[in-house]
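Notes to accompany the following structure.
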Amino acid sequence: MSGAQLGKDFLGMIGLAILATICGLALNRFRPNPISLVYQSPDQQLQAELSQLVNGPPLDSFPVETISLDQFRVAVADKGVTILDARAATYFDRGHVPRAINLSRQDFGHDYMRLRPMLETLKNKPIVVYCAGGACHDSKMVAQALTALGFTQVRIYPGGWDGWTAAGLPVVHS
Amino acid sequence: MVKWLALAIRIAIGAAFVYAGIIKLQDPSEFAINIASFQILPNFLISPMALALPPFEIICGALLIAGVWRRAAALGIVVLLTVFLIAIAAALARGLTIDCGCFGTGTPSRARMWLDLGRDALLLGGALIAYGYGGYPPVRSSRTLASAA
């Protein structure tokens, strides 16, 4: 076999590879579910999808039950209730409600993936979400995202961190 | 006899790769996960590889079966198999337990990786035969025919 023949075969192979690449990209273009040209692992895809859940404005068609400060105090004292803080980690670290776990709206995808093993056990358990209070919508968005993910007993305390601290109730610092 | 054996090997290799390509074509996202599990390619090459490789296998396999552009197709399969062998061997050496996704998705296992290695080595042998001897009719240059006349 000559070098010229090998060279010719090699060029032919390159031609076939180019043809195959064009075919592959064209087929992907017309698939019902095309894959992204930039690879994302299944975990990265899930994280992106989770982030999408909290990126839009609060869904008014997705009502979430609210509770009062007194009900929130009872919930915090009840170890059967999970308390979630929807504020960004910076604020959570500066101080949060006792027993609260940080599941921030800002970093929802990442936080949810981190807490997933624990959260998956709470699908039918009571959860209360709070954020800063006042005009903050983060708790509502996190609550709606959790409801969309199949959590059945999610409520929010709209008074949030401001309401809790204004009442002089105990706080925890990370 | 040798002629027929080489032909049979060529067609068998071609059919195997058409089959393998069709299997991978059905779920490119799963195949992309298989490629990523080798931890060799950078991220930006994984999806293009997952999209291009199945058609390449099908095209080369079909050309081998048809005996058209046999050498280029066989060389393509030789190169593919060499890459697969190196990738699987590297994964074994690094202690990874993965599913290569070569002929469909399965449960990752070290034993299966060794089987894949052996299988691909056999296929490589067949592809080399298809490259060198798989022509039909048998390879005889026109000069040989002219001098025999």
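Rule-based calculations on the coordinates, nothing more; no lab input. Bear in mind the structure is a predicted one, so any value in this text is a computation, not a measurement. Don't worry about glycine lacking a Cβ; one is built from the backbone with ideal geometry, like all the others, and counts go over all protein chains shown.
A few comments on the model shown:
- Of the trypsin sites (Lys or Arg not before Pro) found in the range B:1-107, those that fall in a DSSP loop while having at most 11 other beta-carbon atoms within 10 Å are B:R94.
- Computed [θ] at 222 nm, deg cm²/dmol, chain A (DSSP H ≥ 4; -39,500 (n - 2.57); rounded to nearest 500): -15000 deg cm²/dmol
- By the count of neighbouring beta-carbon atoms within 10 Å, fewest first, A:C136, B:C60, B:C100 end up ordered A:C136, B:C100, B:C60.
- In this Cβ point-charge picture (+1 for Lys and Arg, -1 for Asp and Glu), the range A:83-174 has a dipole of about 220 debye about its Cα centre.
- Straight-distance crosslink candidates among lysines, where the alpha carbon sits under 25 Å from A:K140 and sequence neighbours closer than 8 are dropped: A:K79, A:K123, A:K125
- For peptide A:11-19, the mean count of partner chain Cβ atoms within 10 Å of a residue's Cβ comes to 6.
- Extending 7 Å from the Cα toward the beta-carbon at both B:L5 and A:T165 defines two label points whose distance is 8.5 nm.
- Rg/Rg_globular for the range B:2-148, with Rg_globular taken as 2.2 N^0.38 Å and Rg from C-alpha atoms: 1.15
- Dipole axis of the protein assembly as shown (+1 Lys, Arg; -1 Asp, Glu on Cβ), positive-most option in B:L128, A:G12, A:F30: B:L128
- Whole-number percent relative contact order across the range B:2-148, with pairs defined as alpha carbons under 8 Å at least 6 apart: 35
- Convex hull projection area averaged over all views, the protein assembly as shown, Cα basis, nm²: 22.7
- Per chain A, cysteines lacking a partner by the 4.7 Å Cβ criterion: A:C23
- Chain A: relative contact order in percent, alpha carbon pairs under 8 Å with at least 6 residues between: 25
- FRET E, pair B:T82, A:Q52, Förster distance 41 Å, beta-carbon r, rounded to 0.05: 0.45
- Angle in degrees between helix B:110-133 and the longest Cα principal axis of chain B, rounded to the nearest 10: 20
- Angle between chain B longest axis and helix B:70-93 axis [Cα atoms, degrees, rounded to 10]: 30
- Peptide-level mean, for B:26-36, of C-beta atoms on other protein chains within 10 Å: 3
- Fully extending the segment from A:V74 to A:L149, taken as 0.36 nm per residue of separation minus the present Cα-Cα distance, adds 24.4 nm.
- Peptide A:22-28, shielding by other chains (average Cβ, 10 Å cutoff): 6
- Candidate cross-link partners of A:K8 among the lysines, defined by an alpha-carbon separation under 27 Å and a same-chain spacing of 8 or more, comprise B:K3.
- Karplus 3J(HN,Hα) series, Hz, for the range A:85-102 with 6.51 cos²θ - 1.76 cosθ + 1.60 (x for Gly, Pro): 9, 8, 6, 5, 4, 4, 6, 4, 5, 6, x, 8, 5, x, 6, 6, 10, 7
- Relative contact order of the range A:123-171, defined on C-alpha pairs under 8 angstrom at six or more residues apart (%): 47
- Screening chain A for whole DSSP H helices with an alpha carbon extent of at least 27 angstrom along the helix axis and a mean Kyte-Doolittle hydropathy of at least -1.0 yields A:3-29.
- Normalised by residue number, the volume inside the convex hull of the Cα atoms of chain A is 174 Å³ per residue.
- Pairwise label distance in nanometres, A:Q44 with B:E30, each label 7 Å out on the Cα-Cβ vector: 2.2
- Net dipole in debye of the protein assembly as shown [+1 Lys, Arg Cβ; -1 Asp, Glu Cβ; about Cα centre; nearest 20]: 1240
- Between B:Y19 and A:L11, the distance separating the two model label sites (each 7 Å from Cα on the Cα→Cβ line) works out to 3.6 nm.
- With respect to chain B, whose longest principal axis is taken over its alpha-carbon atoms, helix B:2-26 is tilted by about 30°.
- Here chain B is assigned +1 on the Cβ of each Lys and Arg and -1 on the Cβ of each Asp and Glu. Its dipole about the Cα centre then comes out at about 600 debye.
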